[in-house]
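A.B. asks: Okay, handing you the structure first.
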Amino acid sequence: MPVVYALVVIVWVGLVAAECVFVLPVALVLALLAGFGLGLGRFFTVAWRTLTATAVDGPSPVRRPAPGPPDPAYPHYLLVQVWHDMVALERRTVPWCVTQARWAAATLTETLLKPPQGLALFPLWFGLCAGMALSVLPLAVAVLAFVLAAAAMAAAGLAVWSVCVVVLGAVERVWMAYRRILLACPHAGCYQRFALPEYSCPRCDEHHSRLVPNRLGAFRHVCRCGARLPTTILLGRFRLGAYCPHCHRRLPGRIGRARVEPLPFVGGPAAGKTTLMFLAVRALRASAAGARGRADFVEARDARAYAGAVAELDRGGRLAKTGPELPVATMLDLTLPAAHRILYLFDPAGELHTGATRVERLRYLDHGEALLFVIDPFALPELRSALTTDERRLVEQTTATSDEDPSDTLQRLLAELRSRADQGRQRRIAVVVTKADVLRRTAVGTSLDGDARGWLEGLGLGNTIRTLERTAAEVRYFASGLDSPPAALADLFGWAAGLPLSGQVDPAFDDRPAADELSEPWPVAGRAPSLVPYGHQAGRSALFAALTVLGPLIMILLGLSVYARFR
């Protein structure tokens with residue numbers, strides 16, 4: 001019996017030794033390759049399912065932006081979501097690999113180490129378990145390679161994105177400076193100047209206060225509803241609904257693309273500012289049509305007021321007196337073949353110019369570079385004293401007159417303008433003598449048409465004229481009445497707005513405001529809110545390509561470097 005036991009021990013030792021020499025290395029290598037292959041297979045399977053998912057609540061959820069200010073838009077994919085996706089790949093791969101390794105080790109132990117065959121199969125079991133354990137090393141190298149591949153892709157993408165952000169922002173700033181774009185609010189009580197409006201999403205009406213190339217996107221921002229909003233004027237941002245960032249009221253369309261030109265009418269009560277404004281609007285619309293352009297109303301309210309005023313003037317009636325509240329600009333979108341302007345025509349009640357405190361409330365005077373100083377000739381003391389009894393009766397029956405001396409109005413205006421940084425300097429001032437059609441029927445008004453400036457100077461306004469000419473680079477004088485030629489009015493107001501409107505008016509122009517003048521903002525492209533933005537989907541595709549192509553290449557380079565170091 002001892003001999004038998006000795007032989008058994010010798011055979012067992014020999015078998016185990018043979019397994020250690022021949023089986024264990026093969027089992028170790030096969031288990032290492034199998035563990036490495038299964039880990040990689042799991043990773044790429046998870047990567048495919050995660051990075052091709054289009055739903056926001058997919059394997060790696062994309063958090064929808066919260067509603068409300070400042071910007072309910074998705075951040076750029078490479079700034080936030082790419083790292084969330086990488087973490088999701090790790091969480092869906094590593095725990096699975098650990099679980100599978102535990103299951104394999106438990107299964108091998110239960111199967112191979114059962115007595116009595118366990119005494120002979122121990123080297124095989126050890127080789128398989130050791131191979132699985134050692135597969136952690138190449139998998140760790142793979143993890144490092146994938147992280148480096150993702151970082152390289154993100155760095156390259158962010159570099160391109162940063163260049164786009166800088167270039168697009170610089171181009172827009174240069175373009176706006178070249179076209180001298182002014183942005184200001186036309187609404188009563190605000191009148192603030194600003195650098196960027198708030199833009200509303202046409203799909204969900206959320207407001208975006210920083211719709212420029214930035215961390216939310218270079219070319220487009222993606223609203224929480226999925227709409228893709230252009231980030232610059234040159235890309236079409238001006239087609240979106242715009243709002244004042246201070247009072248949050250609606251701004252005219254195309255603001256930012258066309259220069260806003262405030263044209264305030266300054267004059268005393270009943271000086272004829274409202275009548276002059278509507279006559280000027282009629283002339284501008286007809287002249288723009290003659291120049292193959294158009295002058296459209298921005299607000300339906302302005303179009304209705306204009307239609308009513310023109311009908312009243314055509315009947316020979318008088319326009320209602322302007323209310324004492326702060327004025328809202330009448331906005332006219334003027335498009336010519338060579339120039340664009342958005343005119344803010346401010347027609348305040350004359351009472352707002354009769355006190356220094358009231359004038360201070362007219363903050364729109366801070367932004368413009370042109371104004372219209374409206375003079376009621378019948379408010380001049382020298383002219384009143386020169387009228388005969390019949391002429392006074394004619395004036396009283398024909399038109400309302402102002403009690404405010406134009407010189408007093410001008411002094412209050414200049415005192416307010418001097419509070420500006422440029423001391424109130426203006427590029428252009430148009431001095432308009434209103435009610436010229438009535439004035440010409442008096443003896444003192446017969447010389448008005450030849451030289452309006454000389455006529456005013458002859459009535460004792462020499463100091464006022466010289467003050468105006470020191471305040472502005474250019475001053476023009478004009479006599480306006482109900483019979484004023486539209487071409488002359490268009491020429492004067494085009495000059496005040498810096499527009500070439502010296503051509504003839506279109507005699508066939510239909511002066512009734514058209515329905516298409518008041519169009520809504522354009523519809524924008526995008527995806528449903530339940531889907532990830534196109535930018536995120538493109539970023540995920542780039543990430544998957546980097547993991548598939550660049551990842552294995554980095555693994556090979558890392559392996560070669562390790563081999564060269566320990567060779």
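The values are calculated or read from the model by the stated rules, or taken from the named source; none is laboratory data. Since the structure is predicted, the reported quantities are computational estimates derived from the model, not experimental observations. Cβ sites come from the backbone with ideal geometry, for glycine too, and all protein chains shown count toward neighbours. Accessible surface is based on the protein model in full, side chains and every heavy atom, while ligands, DNA and RNA are left aside. Shrake-Rupley method; radii C 1.70, N 1.55, O 1.52, S 1.80 Å.
A.B. asks: Given the options G494, A156, A311, identify the residue whose Cα lies farthest towards the positive end of the charge dipole of the chain (+1 on Cβ of Lys, Arg; -1 on Cβ of Asp, Glu).
C.D. replies: Toward the positive end, the furthest listed residue is A156.
A.B. asks: What's the carbon and sulfur percent of the chain's accessible surface, probe 1.4 angstrom, rounded to a whole number?
C.D. replies: 62
A.B. asks: Once Lys and Arg get +1 and Asp and Glu get -1 on their Cβ, which of F219, L251, G268 lies farthest toward the positive end of the dipole of the range 211-287?
C.D. replies: F219
A.B. asks: Suppose every K and R has +1 on its Cβ and every D and E has -1 on its Cβ; what is the size of the dipole of the chain about the Cα centre, in Debye to the nearest 20?
C.D. replies: 1920
A.B. asks: Now, a different point. Rounded to the nearest 20 debye, what is the charge dipole size of the range 374-493 about its Cα centre when +1 sits on each Lys and Arg Cβ and -1 on each Asp and Glu Cβ?
C.D. replies: For the range 374-493, the charge dipole is close to 400 debye.
A.B. asks: Which of (1) 0.94; (2) 1.00; (3) 1.34 is the computed Rg/Rh (Cα atoms, Kirkwood Rh) for the structure on display?
C.D. replies: (3)
A.B. asks: If you count, for each residue, the other Cβ atoms within 10 Å and average over each peptide, how do 208-218, 387-397 line up from highest to lowest?
C.D. replies: Descending mean neighbour count gives 208-218, 387-397.
A.B. asks: May I pose another question? Going by alpha carbons, how many degrees (0 to 90, nearest 10) lie between the helix axis of 551-566 and the longest principal axis of the chain?
C.D. replies: 50
A.B. asks: For the range 203-302, just say rounded, prolate or oblate: build the C-alpha gyration tensor, square-root its eigenvalues into a ≥ b ≥ c, call rounded for a/c under 1.5, and beyond that prolate if a/b exceeds b/c, oblate if not.
C.D. replies: Verdict is prolate for the range 203-302.
A.B. asks: Let me ask you something else. Does anyone have the angle between helix 273-290 and the longest principal axis of the chain? Alpha-carbon axes, 0 to 90°, nearest 10?
C.D. replies: Once rounded, one gets 60 degrees.
A.B. asks: Further question on the same structure: Cβ neighbours within 10 Å, averaged per peptide: list 91-99, 50-58 in order, most packed at the top.
C.D. replies: Taking the mean over residues of other Cβ atoms within 10 Å, the ranking is 50-58, 91-99.
A.B. asks: Mean separation of Cα pairs under 8 Å and 6+ residues apart, divided by the residue count of the chain: what relative contact order is that in percent?
C.D. replies: Relative contact order here is 18 percent.
A.B. asks: Could you tell me how many degrees, from 0 to 90 and to the nearest 10, lie between the Cα long axis of helix 136-178 and the main elongation axis, the longest principal axis, of the Cα atoms of the chain?
C.D. replies: Once rounded, the angle reads 10 degrees.
A.B. asks: What value, in deg cm²/dmol to 500, does the helix sum -39500 (n - 2.57) over DSSP H runs of n ≥ 4 give at 222 nm once divided by the residues of the chain?
C.D. replies: Result for the chain, helices only: -15500 deg cm²/dmol.
A.B. asks: Restricted to Cα positions, what overall size does the range 17-105 have along the principal axes? Three whole-Å values, descending.
C.D. replies: So the extents along the principal axes, rounded to whole Å, are 74, 22, 18.
A.B. asks: Based on DSSP, what percent of beta bridges with both residues in the chain are antiparallel, to the nearest 5?
C.D. replies: Of those bridges, close to 55 percent are antiparallel.
A.B. asks: Which value, in debye to the nearest 20, gives the size of the charge dipole of the range 14-166 about its Cα centre, when Lys and Arg are +1 and Asp and Glu are -1 at the Cβ?
C.D. replies: Computed about the Cα centre, the dipole is about 180 debye.
A.B. asks: Next question. Would you mind classifying the range 84-139 by shape? Square roots of the alpha carbon gyration tensor eigenvalues, ordered a ≥ b ≥ c; an a/c under 1.5 is rounded, otherwise it is prolate if a/b is larger than b/c and oblate if not.
C.D. replies: Judged from the Cα gyration tensor, the range 84-139 comes out oblate (a/c at least 1.5, b/c at or above a/b).
A.B. asks: Write down the Kirkwood hydrodynamic radius of the range 128-249, to one decimal in angstroms, obtained as one divided by the mean of 1/r over all alpha carbon pairs.
C.D. replies: 17.7
A.B. asks: Tell me the per residue accessible area of the chain using a 1.4 Å probe; a whole number in Å² is fine.
C.D. replies: Per-residue value: 48 Å².
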